[in-house]
Amino acid sequence: MKLKTAVEDYAFAKSMSVNELVLQMEKAWGFTAGKLAVGVNILERMNNENECVKFLSFTGNLVATGTRGALKELVKRRLVDVIVTTCGTLDHDIARCWRNYYKGSFVMNDAELREEGVNRLGNVLVPNDSYGIIIEKKMQTLFDSLWKEGIREVSSSQLCREMGKRVCNDSSILYWAAKNNIPVYVPGITDGAVGYQTWLFSQDHDLRLNLLKDSGQLNETVFTAKKTGALLIGGGISKHHTLWWNQFRDGLDYAVYISTADEWDGSLSGARPREAVSWGKINEKAKRIMIEGDASVILPLMVGSLIERMKGA
């Protein structure tokens, strides 16, 4: 093995941009910092490939935090082409357009919180008025409007588009996805408040969810793509759905994972990119990296750095 590149110490200036810090991470190396720097390089390369379809997959818990703003910027600036996520994303994105969530702690009296009508999501506090109540109000109004317009069937991507156009404001991921014509697919849409409100409306109206229409659109996307890449944040159904569809075109050409999950239990959430190669979900020649860590710390740094680079592209 040849020793080519020496590790360099960080050097801090009075004024330093996010991208300048990330570029120093590439030189400082050091475990996760080095992986973060490589991840931004891959995302930059993805975005510089004109014929590369860029997938973004993430879990809904992040949308309950300020990380929602980092995700929104990727969508607002058209740095992604397709979104695959969970129903929790829809819930929190709508709710936070109209109500506040609050800072809490991982260690609190949960029985007392229950009595006060406050739900705890990690160290984020979500009052009932800021979640179920406002989501019900907004979604039932939306469904009433769609029904009066003669709409009797929607796919998850169609519903997300209507939510973005009619329910959300410009603080929202869904708002910018609709504005920029970026489809949002939610394969597990019944698993959350928006899904429940859809079912509730269907009890008095013959409104149907057509998830197979989403599948047809994803099928066409991957089969017509020259190349594909993905930023996969967290695990679960959104991660798997993104990988699943890309296996039908010989796998992703670029893949950046951010996750805290372990692989020793055999879970999809903890599986590394190398495992996806065995399934053909990531191409064996793909540029890929696994960044272990909390996305609420890692993602804002990566997005800030990527935005600076793409401005200069």
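Remark: Asp206 matches the filter, which requires a residue to be in a loop (DSSP other than H, G, I, E, B), at pLDDT 95 or above and among the acidic types (Asp, Glu).
With the structure loaded, tell me whether Lys148 is among the basic types (Lys, Arg), modelled with pLDDT of 95 or more and surrounded by 15 or more Cβ atoms within 10 Å (Cβ to Cβ) or whether it fails that test. So Lys148 does not fit the description; no.
Can you tell me which residue is surrounded by the fewest Cβ atoms within 10 Å (Cβ to Cβ) among those in region 263-278 that are farther than 24 Å from Ala37 by Cα and touching a Gly at 6+ places or on another chain (Cβ under 8 Å)? Outline the logic, then answer.
Filtering region 263-278 for residues farther than 24 Å from Ala37 by Cα gives 264-268, 278.
With touching a Gly at 6+ places or on another chain (Cβ under 8 Å) added as a condition, the list becomes 264, 267-268.
Working: Trp264: 7, Ser267: 12, Leu268: 16.
Looking at residues that are farther than 24 Å from Ala37 by Cα and touching a Gly at 6+ places or on another chain (Cβ under 8 Å), I get Trp264.
Checked against (1) touching a Phe, Trp or Tyr at 6+ places or on another chain (Cβ under 7 Å); (2) of a type outside the set (Phe, Trp, Tyr); (3) free of Cβ contacts under 8 Å to residues at least 24 places away in the same chain, Gly234 passes all but a single condition, namely (3).
Which residues, taken from region 143-167, are assigned to a helix (DSSP H, G or I) and over 19 Å from Thr86 (Cβ atoms)? Result: Phe143, Asp144, Ser145, Leu146, Trp147, Lys148, Lys165, Arg166. Out of all the residues in region 127-134, is one or more closer than 30 Å to Ser215 by Cβ, in a helix (DSSP H, G or I), aliphatic (A, V, I, L, M) and in contact with a helix residue (DSSP H, G or I) (Cβ under 9 Å, 6 or more places away or on another chain)? Looking through region 127-134, none of the residues is closer than 30 Å to Ser215 by Cβ, in a helix (DSSP H, G or I), aliphatic (A, V, I, L, M) and in contact with a helix residue (DSSP H, G or I) (Cβ under 9 Å, 6 or more places away or on another chain). Among residues of region 111-125 that are within 16 Å of Thr65 (Cα to Cα) and modelled with pLDDT of 95 or more, those with a beta-carbon under 7 Å from a residue that is among the aromatic types (Phe, Trp, Tyr) and in a strand (DSSP E or B) at least six positions away or on a different chain give the pairs Leu125/Tyr102.
Hey, does region 48-55 have a residue that's assigned to a helix (DSSP H, G or I), in contact (Cβ under 8 Å) with a residue 40 or more places away in the chain, charged (D, E, K, R) and closer than 30 Å to Arg166 by Cα?
Filtering region 48-55 for residues assigned to a helix (DSSP H, G or I) gives 48.
Next, only the ones that are in contact (Cβ under 8 Å) with a residue 40 or more places away in the chain stay: 48.
With the extra rule that they be charged (D, E, K, R), the set shrinks to none.
Taking every residue of region 48-55 in turn, none turns out to be assigned to a helix (DSSP H, G or I), in contact (Cβ under 8 Å) with a residue 40 or more places away in the chain, charged (D, E, K, R) and closer than 30 Å to Arg166 by Cα.
Between Asp191, Asp170, the distinction of being part of a loop (DSSP other than H, G, I, E, B), within 16 Å of Thr85 (Cβ to Cβ) and among the acidic types (Asp, Glu) belongs to Asp191 only.
In region 297-313, the residue that is farthest from Arg45 (Cα to Cα) out of those that are among the small types (Gly, Ala, Ser) and crowded, with 16+ Cβ neighbours inside 10 Å is Gly304. The single condition from (1) surrounded by fewer than 18 Cβ atoms within 10 Å (Cβ to Cβ); (2) farther than 20 Å from Ala37 by Cα; (3) not aliphatic (A, V, I, L, M) that Gly293 fails is (2).
The values are calculated or read from the model by the stated rules, or taken from the named source; none is laboratory data. The shown structure was predicted, so the numbers you read here are calculated from the model rather than taken from an experiment. Don't worry about glycine lacking a Cβ; one is built from the backbone with ideal geometry, like all the others, and counts go over all protein chains shown.
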